[in-house]
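In what follows, a single structure is set out as structure tokens and then discussed.
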Amino acid sequence: MSFLETVRGDRRIHLINPVAKIAASALIGLALLVTIDPVSAGTALVLELLLVPFAGVPWRSLLLRTSVLIVAAPLTAVTIALYGPVSGRVYGTFLLATVSDGSLQLALSAALRVLAIGLPAVLLVATVDSTDLADGLAQTWRLPARFVLGALAGLRLLGLLAEDWQSLLMARRARGVADAGGLLGRVRFLGGVAFALLVLAIRRAGTLSLAMEARGFGGSGPRTWARPARFGRDEWLLVLLGAAIAVIATVAAVAAGSWNFIGAR
Amino acid sequence: MDVRGWGWRHASRRAWAVERIDLAIEPGERVLLLGASGAGKSTLLHGIAGLLGGGEEGESRGEILVDGRPSDTMRARIGLVLQDPENQAVLARVGDDVAFGLENLAVDPSEIRTAVPAALDRVGLGGIPLDHSTSALSGGQKQRLALAGVLAMQPGLLLLDEPTANLDPDGVVQLRDAVLGSLDGRTLVVIEHRVSTWWHAVDRIVVLGSDGVLADGRPDTVLGAERERLAAAGVWLPPLDLTAPPPPVTMPAPPRVEADPLMTARSLSVGRRRKPFAATGLGFTLSAGSAMAITGPNGAGKSTTALTIAGLLPPAAGELVAGKSLRRGAGPSPHAWRSRQLLDRIGTVFQSPEHQFLAPSVRQELELGPRALGADTTAAARIAEGFAERLGLTHLLRAHPFSLSGGEKRRLSVATVLTASPSLIVLDEPTFGQDARTWGELVRLLREQLTAGRSIVAVTHDREVVDALCDVELRLTTPSSHAGGER
């Protein structure tokens, strides 16, 4: 899963509070979800593409990360073009599928939407490290430290699960109980390993919480943060940028007369 | 620190884990806490740290006071480093992990920024960048990181639970010196089986027995006056006590004619992934009745080599062939064998015993191998009870394997493998957490396997195991080529 590892760097975008990145992509998403039309999504996508060089994500990594979007967008378009609501001129019919002006327009809107909402989310999340996100959530959004740090510590243990799974499989093989015959036997065997993994994970979590408690975690007193999460000029700038894209996209759609409330006409 | 008539019982057990402990430790004292495997040393340490919870975890008797107050209200004054370094790193980055405790104590961020590098420096991790990943550290580094995290909190009382377990000899010395160099008059309580590591560094030794404190005093007085009683309780005495059951010195002559070796490796490379390999260029021959030690520093690929020999990982490159006497009808490559074929051919004791436990009780765990090989109920029970008796697990036959102490788990994992009488036994750190008595019994049991014509491969940092058991040593280094040789 190395291609999904956090992109690191020391450019401004890498140092921005993750909470601001979430807010910025959420604003764009919100503006594009209240209307379904090609103009708003198209405008947003063009603006976003202009910003890609500044996102601090190398092209290779960008292609890998957006590959899901690049596949999903045309698939969405084809499905809606064939089965979307029929209106205007009809170009052809096959069984239940009907391609018409209406369905083609909806298909274009949907495909552009997948890209326009997905791109900023993928770009901004690519540079978010889970530790920084925890800092932001706890300090900027004031979520409870117990909850945020507990989840963060738990997340780190996820990596150990894969290793544990391997070790459990090997140990069972060494102890002569891994020859499960047939599909049913195999399923039962893997179920047993999964249960053992669960038991191990709970035991690890127990040790980890003991280690956390031993270092003063979970007390009722106040807590400080070694790295204060800022929400300064850069963060506001990014949120404003998100807001600007959302507003421009909406204004363009209204001006073109295509803006509608969730597809209603 | 004042322990008065203290005892603790785990919720799932009828017997008390520790009982009637009376112990007063003055500020600034350096105490080595000894005791037989399973005597409740870790439990006492957790109790002192105020980490044993309430009703559902177990019940306690008596009281533990630190600075005159109950220990669970004094956590900020107490720093505890747990037995297992793997689960102690809380956060993903080295710097954050050290800062974690300070943040919890609400220390000012500007102070944290200077305290973190200082703490890392003191344990010899000063060269590691603050954003280095904690999971990419070696075992010894993880242990030192845990120590740094605790030291940064400036505790008045430092509690260490087997801090040098599973470290290579250099790592042991480094860790001990890091601890001693950072004490600055703090009180220290350390658990360790090997007296020699801390012998000159502590000013008091406390020995824990089944009913309270067995011996208590200055190191030379305790070890001088009570030698026999301590040896009987399984304490490692410096130099290694010869009255503790010594492994017989005469070796059964290993069959020199190696017409049919058990296993042969030629320019073998091992690794979990394709590249980089954990170790390369290995060559050795295993013959019936002989034992090979795999030694080397942490991270040299010892465990990966052992798992490959055990037929659990495919060889990454090169050749690993099982001889006819090991094959007994199966194919030449152990990795291609079925699980049931492995059972009585190659047995493996994993580094972490918890991975290999399958049954809900010690008895069922021990009966599993013989039953799988077709033994009837009474025969399986007889084999299980025999091993339990020899390894001091009889009183635990009904206990859940996970509820045992670290040393007991290790002995159980070795026993479960031996019950299936495999021709080749692969062990990863077989003597971890053992006191002198259980160590002796374990080594004797393994020697009997050799006499019976079986072969052993042991990954170990324990020099005495190598000397007592092995006639060939495969010394791995990082990262270039390796070769096996006769000692």
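Consider A:G176 carefully, then state whether it is at the interface with chain B (Cβ under 10 Å from one of its Cβ atoms), in a loop (DSSP other than H, G, I, E, B) and either at pLDDT 85 or above or surrounded by fewer than 13 Cβ atoms within 10 Å (Cβ to Cβ) (or both).
Here the answer is yes, as A:G176 does meet what is asked.
What residue, of B:Q341, B:Q364, B:Q351, B:Q356, is more than 10 Å from every other protein chain (Cβ to nearest Cβ) and either in contact (Cβ under 8 Å) with a residue 12 or more places away in the chain or more than 20 Å from B:E429 (Cβ to Cβ) (or both)?
That would be B:Q364, the only listed residue that is more than 10 Å from every other protein chain (Cβ to nearest Cβ) and either in contact (Cβ under 8 Å) with a residue 12 or more places away in the chain or more than 20 Å from B:E429 (Cβ to Cβ) (or both).
What number goes with the only condition from (1) in a loop (DSSP other than H, G, I, E, B); (2) more than 11 Å from chain A (Cβ to nearest Cβ) that B:R410 does not pass?
The number of the failed condition is (1).
Working only within segment A:95-152, note down all residues that are surrounded by fewer than 19 Cβ atoms within 10 Å (Cβ to Cβ) and of a type in the set (S, T, Y).
Matches in segment A:95-152: A:T98, A:S130, A:T140.
What is the one condition in (1) more than 13 Å from every other protein chain (Cβ to nearest Cβ); (2) without any contact (Cβ under 8 Å) to a residue 40 or more places away in the chain; (3) of a type in the set (A, V, I, L, M, F, W, C) that B:A136 does not satisfy?
Among (1) more than 13 Å from every other protein chain (Cβ to nearest Cβ); (2) without any contact (Cβ under 8 Å) to a residue 40 or more places away in the chain; (3) of a type in the set (A, V, I, L, M, F, W, C), the lone unmet condition for B:A136 is (1).
Exactly one condition in (1) more than 10 Å from every other protein chain (Cβ to nearest Cβ); (2) touching a residue at least 40 places away in the same chain (Cβ under 8 Å); (3) more than 13 Å from A:A226 (Cβ to Cβ) is false for B:V94; which is it?
Every condition holds for B:V94 apart from (3).
Exactly one of these conditions fails for A:A229: (1) more than 9 Å from chain B (Cβ to nearest Cβ); (2) assigned to a helix (DSSP H, G or I); (3) modelled with pLDDT under 85. Give me its number.
(2)
Applying the selection to segment B:454-487, what residues are under 24 Å from B:A322 (Cβ atoms), surrounded by fewer than 16 Cβ atoms within 10 Å (Cβ to Cβ) and modelled with pLDDT of 80 or more?
None - no residue of segment B:454-487 is under 24 Å from B:A322 (Cβ atoms), surrounded by fewer than 16 Cβ atoms within 10 Å (Cβ to Cβ) and modelled with pLDDT of 80 or more, so the list stays empty.
Residue check: is B:L51 at pLDDT 80 or above and either assigned to a strand (DSSP E or B) or aromatic (F, W, Y) (or both)? First the steps, then the outcome.
Values: at pLDDT 80 or above: yes; either assigned to a strand (DSSP E or B) or aromatic (F, W, Y) (or both): no.
Considered against the rule, which asks whether it is at pLDDT 80 or above and either assigned to a strand (DSSP E or B) or aromatic (F, W, Y) (or both), B:L51 comes out as no.
I'm checking my understanding of the structure. Among residues of segment B:261-283 that are out of contact with any helix residue (DSSP H, G or I) (no Cβ under 8 Å at 6 or more places or on another chain) and modelled with pLDDT under 85, which one is nearest to B:L313 (Cα to Cα)?
The first filter runs over segment B:261-283 and keeps only residues out of contact with any helix residue (DSSP H, G or I) (no Cβ under 8 Å at 6 or more places or on another chain), leaving B:261, B:264, B:266-267, B:269, B:273-277, B:280-281, B:283.
Subset that is modelled with pLDDT under 85: B:273-277.
Working: B:R273: 10, B:R274: 12, B:K275: 14, B:P276: 15, B:F277: 12 Å.
Step by step, filter segment B:261-283, then rank; the result is B:R273.
Go through segment B:302-322 residue by residue and tally those that are crowded, with 20+ Cβ neighbours inside 10 Å, more than 14 Å from chain A (Cβ to nearest Cβ) and touching a Pro at 6+ places or on another chain (Cβ under 8 Å).
So the count comes out to 2.
Looking at (1) out of contact with any helix residue (DSSP H, G or I) (no Cβ under 6 Å at 6 or more places or on another chain); (2) over 28 Å from B:V116 (Cα atoms), which is the one condition that is false for A:P222?
Only one criterion in (1) out of contact with any helix residue (DSSP H, G or I) (no Cβ under 6 Å at 6 or more places or on another chain); (2) over 28 Å from B:V116 (Cα atoms) is unmet by A:P222, namely (2).
Which one of these is more than 7 Å from chain B (Cβ to nearest Cβ) and either surrounded by 15 or more Cβ atoms within 10 Å (Cβ to Cβ) or more than 20 Å from the chain's Cα centre (by Cα) (or both): A:L183, A:L168? Explain how you work it out, then say what you get.
Working: A:L168 fails: more than 7 Å from chain B (Cβ to nearest Cβ).
It is A:L183.
I need the full set of residues from segment B:64-90 which are of a type outside the set (D, E, K, R) and within 24 Å of the chain's Cα centre (by Cα), in order please. Break it down into steps so the answer makes sense when it comes.
Within segment B:64-90, the subset of a type outside the set (D, E, K, R) is B:64-66, B:68, B:70-71, B:73-74, B:76, B:78-83, B:85, B:87-90.
Matches in segment B:64-90: B:G79, B:L80, B:V81, B:L82, B:Q83, B:P85, B:N87, B:Q88, B:A89, B:V90.
For segment B:327-337, what are the residues that are modelled with pLDDT of 90 or more and either facing chain A (nearest Cβ under 8 Å) or not in a loop (DSSP other than H, G, I, E, B) (or both)?
B:P334, B:H335, B:A336
Working carefully through the options B:A99, B:A106, find the one that is facing chain A (nearest Cβ under 7 Å) and not in a helix (DSSP H, G or I).
Numbers: B:A99 fails: not in a helix (DSSP H, G or I).
Answer to the check: B:A106.
Need a quick list: helices (runs of 4 or more DSSP H) entirely within segment A:11-94 having at least 2 residues that are touching a helix residue (DSSP H, G or I) at 6+ places or on another chain (Cβ under 6 Å). Step through it out loud before you land on a result.
Numbers: elements: A:12-15, A:18-33, A:38-51, A:59-83.
Ranges flagged: A:18-33, A:38-51, A:59-83.
Only residues that are within 14 Å of chain A (Cβ to nearest Cβ) and touching a helix residue (DSSP H, G or I) at 6+ places or on another chain (Cβ under 9 Å): list them for segment B:367-379, please.
Quick first cut of segment B:367-379, residues within 14 Å of chain A (Cβ to nearest Cβ) only: B:367-375.
Those that are within 14 Å of chain A (Cβ to nearest Cβ) and touching a helix residue (DSSP H, G or I) at 6+ places or on another chain (Cβ under 9 Å): B:E367, B:L368, B:G369, B:P370, B:R371, B:A372, B:L373, B:A375.
Are any of the residues in segment A:200-213 outside the structural domain of A:H14 (by TED's automatic domain parsing), surrounded by fewer than 13 Cβ atoms within 10 Å (Cβ to Cβ) and either within 18 Å of B:D84 (Cα to Cα) or under 25 Å from the mean Cα position of the chain (by Cα) (or both)? First the steps, then the outcome.
Kept after step one, since they are outside the structural domain of A:H14 (by TED's automatic domain parsing), are these residues of segment A:200-213: A:200-213.
Cutting the leftovers down to surrounded by fewer than 13 Cβ atoms within 10 Å (Cβ to Cβ) gives us A:202, A:206.
Okay, now just the ones that are also either within 18 Å of B:D84 (Cα to Cα) or under 25 Å from the mean Cα position of the chain (by Cα) (or both), so A:202, A:206.
Checked against the condition, which is being outside the structural domain of A:H14 (by TED's automatic domain parsing), surrounded by fewer than 13 Cβ atoms within 10 Å (Cβ to Cβ) and either within 18 Å of B:D84 (Cα to Cα) or under 25 Å from the mean Cα position of the chain (by Cα) (or both), segment A:200-213 yields at least one hit.
The values are calculated or read from the model by the stated rules, or taken from the named source; none is laboratory data. Every value quoted in this text rests on a predicted model; they were computed, and no experiment measured them. Cβ atoms come from the backbone with ideal geometry, glycine included; neighbour counts cover every protein chain shown.
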